[in-house]
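Chemist: Please read through the structure below; I'll follow up with questions.
The values are calculated or read from the model by the stated rules, or taken from the named source; none is laboratory data. Worth saying up front: this structure is predicted, and the values here are computed from it rather than measured. Methodologically, a virtual Cβ is constructed for each residue, glycine included, from the backbone with ideal geometry; neighbour enumeration extends over all protein chains shown.
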Amino acid sequence: MISSPLITYSEQRERLQSLYDLALELMALRDLPAVLDTALRHCLALTESQFGFIGLNSKNNKLLDLVAIRGFQAAKDFYDNAHLIPLRPNVFARVVLENKPIRSSDVMTDPHRVGQPRGHPTVHAFLGVPLRIREEPIGMIGVANRPGPYEDDHEHLLMTYAAQVAIAIHNAQLNEELAIAKAELERKVVERTEELREAKDALAQKADHLQRLLTETVTVQERERQRISQDLHDGLNQLLVGAMLELKSGRERLRNDDLNSAAASLQQVGEILHQVEGELRQTIYDLRPPVLDALGLVPSLGRYAEQFTARSNIACQVLSEGEPYRLVPEVEIGLYRIMQEALQNVGVHSGARRATVAVNFASDLLTLIVADDGCGFDEAGVLSSGDGHFGLLGMRERAESFGGKLVFKTRPGQGARVEVWVPIP
Ligand SMILES: Nc1ncnc2c1ncn2[C@@H]1O[C@H](COP(=O)(O)OP(=O)(O)O)[C@@H](O)[C@H]1O
Ligand SMILES: [Mg+2]
């Protein structure tokens, strides 16, 4: 139909109509393989060619990737071996390199011929046109072996159609990129949602811990007050009542001029008051060790360790490394209470023979370690059991309350270690 260089008006109209129909069919397609396959089929039909290909430039524009081949039955591995072709100035790659249509009446005798891959049918007549986006070549269409040579008409027709093909390919590529970006976005949304859910669960768990801790703290405080009032009642109160009775009897004896007995009563009162003073001092010490404020952490840990050994019969050594410095009072009392709770656990639960309290004063970090050689415990098991063990949780919360971090290092049968790290500003 287009073999003659002179065409009639009605032939021209017919040709335009069929080009339009082909372009419409192409534009309706979305995915790249379908676009390439349909486009190549149309190109062969338009030019009455035997076979052809579409090649697209690689990202670095050094290779041409044969993304569609049509018109001959390639051997199985032909495509794998031959689909990437270096863009060098041979018969067809010049189409891309020079961004212009190229024709050859017989490739076998063409001066630009470089040979062809094994398994490829012999190419005689050849026409190649560039695929352009904004004037720049993104690849090419090649058709070959029509019954006669390719004429100007074939070239114009293929150039016109190639403009549509380039747009369709470009759109399909954008579509592909968009689909990948969308899938990636969806994946991220799912991932982020999962993270948020985990964070929310963790927060809820933490809030629950804190709530139980608060309740426990109030109970502990109440119990502590009860104990102190009981102590004051049983100890100091009894002693003071005794002293008053003794005073009364002393006064009686004075009135009766029984001076010796009166002196004995006074002596007795003196002894009782001495006892009162001792008890009072211990109570005050327990409420807040004055040595902590006066001398700092290491001497007060030392004093407590001595008392602990006397009470529990577990040897307890206090080690200090680095040049000791003072911390704000809340941190010092906090560390002291953690050590108290840790040693109390050693005394009650560990069955240890010895314990160590070690403090390291580095310039930017203070560490406190309370370790024992006892039975150890299963931390995860204890903390997840959720029944009442607020000592461990309380220690950790206390450390975190002043910006520190607390970890337990223990395994059943291998002793236990409480480590506290406090960053020093
Ligand atoms: N030093 C330790 N050696 C062995 N077991 C310990 C030690 N410290 C804690 N535990 C275990 O962890 C549990 C929880 O301790 P804690 O929270 O202080 O609660 P409580 O002392 O009231 O039982 C203890 O009951 C004990 O089983
Ligand atoms: Mg405890």
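Chemist: Restricting to region 285-329, and then to whatever is under 18 Å from V359 (Cα atoms) and charged (D, E, K, R), can you tell me which residue is surrounded by the most Cβ atoms within 10 Å (Cβ to Cβ)?
Modeler: The selected residue is R303.
Chemist: Same structure, new question: Considering each of L127, L46 in turn, give the residue that is in a helix (DSSP H, G or I) and in contact with a Phe, Trp or Tyr (Cβ under 9 Å, 6 or more places away or on another chain). Talk me through it step by step, then tell me what you get.
Modeler: On the way: L127 fails: in a helix (DSSP H, G or I).
Answer to the check: L46.
Chemist: Right, D208: in a helix (DSSP H, G or I), surrounded by 14 or more Cβ atoms within 10 Å (Cβ to Cβ) and modelled with pLDDT under 90 or not? Steps first, answer last, please.
Modeler: Details: in a helix (DSSP H, G or I): yes; surrounded by 14 or more Cβ atoms within 10 Å (Cβ to Cβ): no; modelled with pLDDT under 90: yes.
Answer is no for this residue.
Chemist: State which residue pairs qualify: first residue closer than 16 Å to H389 by Cα and inside region 343-357, second residue within 9 Å of ligand 2 (Cβ to nearest atom) in any location, beta carbons under 7 Å apart, and separation of 6 or more residues or different chains.
Modeler: N345/G391
Chemist: Could you check how many residues of region 330-376 are part of a loop (DSSP other than H, G, I, E, B), surrounded by fewer than 20 Cβ atoms within 10 Å (Cβ to Cβ) and within 16 Å of ligand 2 (Cβ to nearest atom)? Show your work before the answer.
Modeler: Within region 330-376, the first condition is being part of a loop (DSSP other than H, G, I, E, B), and the residues that meet it are 351-353, 362-364, 373-376.
Within this subset, residues satisfying the condition of being surrounded by fewer than 20 Cβ atoms within 10 Å (Cβ to Cβ) are 351, 353, 362-364, 373, 375.
Right, trim to within 16 Å of ligand 2 (Cβ to nearest atom) and you get 351, 375.
Of the residues in region 330-376, 2 are part of a loop (DSSP other than H, G, I, E, B), surrounded by fewer than 20 Cβ atoms within 10 Å (Cβ to Cβ) and within 16 Å of ligand 2 (Cβ to nearest atom).
Chemist: Would you point out the residue of region 372-425, among those that are among the basic types (K, R) and more than 25 Å from the chain's Cα centre (by Cα), that is nearest to N313 (Cα to Cα)? Quick ask: steps written out before the conclusion?
Modeler: Our first condition is that a residue be among the basic types (K, R); within region 372-425, this holds for 396, 398, 405, 409, 411, 417.
So of that shortlist, the ones also more than 25 Å from the chain's Cα centre (by Cα) come out as 398, 411, 417.
Numbers: R398: 28, R411: 23, R417: 19 Å.
Going through the qualifying residues, I end up with R417.
Chemist: Report, ordered by the first and then the second residue, all pairs with beta carbons closer than 6 Å, sequence separation of six or more or different chains, a first member in region 227-249 that is among the hydroxyl-bearing types (S, T, Y), and a second member that is surrounded by 15 or more Cβ atoms within 10 Å (Cβ to Cβ) and part of a helix (DSSP H, G or I).
Modeler: S249/S265
Chemist: Looking only at region 373-401, which residues are of a type in the set (D, E) and either within 12 Å of ligand 1 (Cβ to nearest atom) or in contact with a His (Cβ under 6 Å, 6 or more places away or on another chain) (or both)? Spell out the reasoning first.
Modeler: Pass one, region 373-401, residues of a type in the set (D, E): 373, 378-379, 387, 397, 400.
Of everything in region 373-401, those that are of a type in the set (D, E) and either within 12 Å of ligand 1 (Cβ to nearest atom) or in contact with a His (Cβ under 6 Å, 6 or more places away or on another chain) (or both) turn out to be D373, D378, E379, D387, E397.
Chemist: Filter region 133-171 down to the residues that are buried (at least 18 other Cβ atoms within 10 Å of the Cβ) and over 14 Å from L40 (Cα atoms) and list them by number. Spell out how you get there, then give the answer.
Modeler: From region 133-171, those buried (at least 18 other Cβ atoms within 10 Å of the Cβ) are 137-146, 150, 154, 157-158, 161-162, 164-166, 168-169; that's our starting set.
Scanning region 133-171 gives P137, I138, N145, R146, Y150, H154.
Chemist: When Q282 is evaluated against the numbered criteria (1) exposed (fewer than 14 other Cβ atoms within 10 Å of the Cβ); (2) under 30 Å from S401 (Cα atoms); (3) not assigned by TED's automatic domain parsing to the domain that holds H233, which criterion, by number, is the only one it fails?
Modeler: (3)
Chemist: Any residue at all in region 402-416 that is in contact (Cβ under 8 Å) with a residue 60 or more places away in the chain, outside any loop (DSSP other than H, G, I, E, B), out of contact with any Lys or Arg (no Cβ under 6 Å at 6 or more places or on another chain) and more than 8 Å from ligand 1 (Cβ to nearest atom)?
Modeler: No, region 402-416 contains no residue that is in contact (Cβ under 8 Å) with a residue 60 or more places away in the chain, outside any loop (DSSP other than H, G, I, E, B), out of contact with any Lys or Arg (no Cβ under 6 Å at 6 or more places or on another chain) and more than 8 Å from ligand 1 (Cβ to nearest atom).
Chemist: Within region 202-241, which residues are among the acidic types (D, E) and over 46 Å from the mean Cα position of the chain (by Cα)? Steps first, answer last, please.
Modeler: Taking region 202-241 first, the residues among the acidic types (D, E) are 208, 216, 222, 224, 231, 234.
Across region 202-241, the qualifying residues are D231, D234.
Chemist: Of all residues in region 357-370, count the ones that are out of contact with any helix residue (DSSP H, G or I) (no Cβ under 6 Å at 6 or more places or on another chain) and near ligand 1 (Cβ under 9 Å from one of its atoms).
Modeler: Residues flagged as out of contact with any helix residue (DSSP H, G or I) (no Cβ under 6 Å at 6 or more places or on another chain) and near ligand 1 (Cβ under 9 Å from one of its atoms) within region 357-370 amount to 0.
Chemist: List the helices (runs of 4 or more DSSP H) that sit entirely inside region 233-316 and contain at least 3 residues that are polar (S, T, N, Q) and at pLDDT 90 or above.
Modeler: Fully inside region 233-316 and qualifying: 259-287, 297-312.
Chemist: When region 21-37 is examined, which residues are found to be in a helix (DSSP H, G or I) and surrounded by 11 or more Cβ atoms within 10 Å (Cβ to Cβ)? Even if it seems obvious, please write down each step before you answer.
Modeler: Initially, region 21-37 is screened for residues in a helix (DSSP H, G or I), giving 21-27, 32-37.
The answer is D21, L22, A23, E25, L26, M27, L32, P33, A34, V35, L36, D37.
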